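Any read-out appearing in this document is the output of simple, stated calculations on the displayed coordinates, not a laboratory observation. Note that the structure is a prediction, hence the values are computed from the model and not measured. Here the Cβ positions follow ideal geometry from the backbone for every residue, glycine too, while neighbour counts run over all protein chains shown.
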Amino acid sequence: MESGSSVFILDTYNKYQSNKDVRHIFTLFGKWYCIRETNLIWGTPEFPEKDFDDDYSTFQLYNTFDEALAAAKNMKKAEAMKF
């Protein structure tokens, strides 16, 4: 994927952050997560409000919202199977 490309990622959700790029919110094992639309900068998701000390290069990148939503649904399905 090229720099500046729009991608979707699964990320933790914090209602006190700026969430203008959040496209979907869900819970998993009692914690809040979201599908976030972001741009890539040198192949790494852009997070203007995240801590620079954290390594965000390990995110799974999804080309479309539907791909990210399918991944979130699979995680929810796996959660349901644990109980």
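Count the lysine pairs in the range 6-82 whose Cα atoms sit under 17 Å apart, keeping only pairs 8 or more residues apart in sequence or on different chains.
Final tally of qualifying lysine pairs is 8.
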So how far apart, in nm, are the two label points at Ile25 and Ser5 if each is 7 Å from Cα heading toward Cβ?
3.0
Amide H partners (placed H, <5 Å) of Phe47, local residues excluded
none
